[in-house]
Amino acid sequence: MGVGKTTVGSLVARHLDRPLRDSDTDFRTSHRNARELAAGQGVDALHRLEADLLLDALASPTPLVIAAAASVVDDPRCLDALRARASFVVWLWAPPELLVPRLDSGDHRRDLGPDPAAALAALADRRDAGYRAVADARVEVAGRSPEELAATVLDLLADRASG
């Protein structure tokens, strides 16, 4: 949460002239807000829906840039789908202390409780193996503009295409 997936994904999609599928946008289009869903039905229900949104995007016959929710690496269906596709997966990474100030009270993010930094650190620790299992590249966000991050992603894609 707050790492810049939507912003960087938009820049990459624009450069590649591909549609962007963003989990936050997809979620708001098809369902009520994430905060309410997590509070009413539980975080597991929210994460199942986020996984379903990724699987739907991956099933598209049109090449896409996908900004997926971080929780998708908790779902074995998503890990299998990402491994099975000829996708290029970039893991945008930032330390929790950088992310906490970026989190707002917007309804597209679930409540992380009284200590968001500790919650983000615990989520990152729990998800690390999943990210490593599917990511072709890990890009650190700290100190870099969205434009610099998008350029890095595009360079990585070009390297993959030429190699």
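Each value in this text was obtained by applying a stated rule to the coordinates, not by laboratory testing. Every value quoted in this text rests on a predicted model; they were computed, and no experiment measured them. Please note: Cβ atoms are built from the backbone with ideal geometry, for glycine as well, and neighbour counts cover all protein chains shown.
Odds and ends about this structure:
- Using 0.36 nm per residue and subtracting the Cα-Cα separation, the extra length available between E97 and A121 on full extension is 7.7 nm.
- Backbone amide hydrogens, once placed in the peptide plane, bring L92 within less than 5 Å of V139, excluding anything fewer than 5 places away on its chain.
- Residues whose placed amide H lies under 5 Å from that of R21, excluding near-sequence neighbours: V65, I66, A67
- Binned Cα-Cα distance frequencies in the chain - 5 Å width, integer %: 1, 9, 17, 23, 23, 17, 8, 2, 1, 0
- Proxy reagent accessibility, fewest Cβ within 10 Å first, across L53, L120: L120, L53
- Test item: Cα-centred dipole of the chain, Lys/Arg +1 and Asp/Glu -1 on Cβ, debye: 240
- Modelled label positions at T29 and D17, each set 7 Å beyond Cα in the direction of Cβ, lie 2.2 nm from each other.
- Stretched out straight at 0.36 nm per residue, the stretch from V43 to A84 would grow longer than its current Cα-Cα span by 12.1 nm.
- Backbone phi angles across region 150-155, fed through the Karplus curve with coefficients 6.51, -1.76 and 1.60 (θ = phi - 60°), yield HN-Hα couplings of 4, 4, 4, 4, 5, 4 Hz in residue order; Gly and Pro are listed as x.
- Pairs of Cα atoms nearer than 8 Å and 6+ residues apart set the relative contact order; for region 5-157 it is 30 percent.
- Mean ellipticity per residue at 222 nm, deg cm²/dmol - from DSSP H runs of n ≥ 4 across the chain, formula -39500 (n - 2.57): -17500 deg cm²/dmol
- Proxy reagent accessibility, fewest Cβ within 10 Å first, across H15, H47: H15, H47
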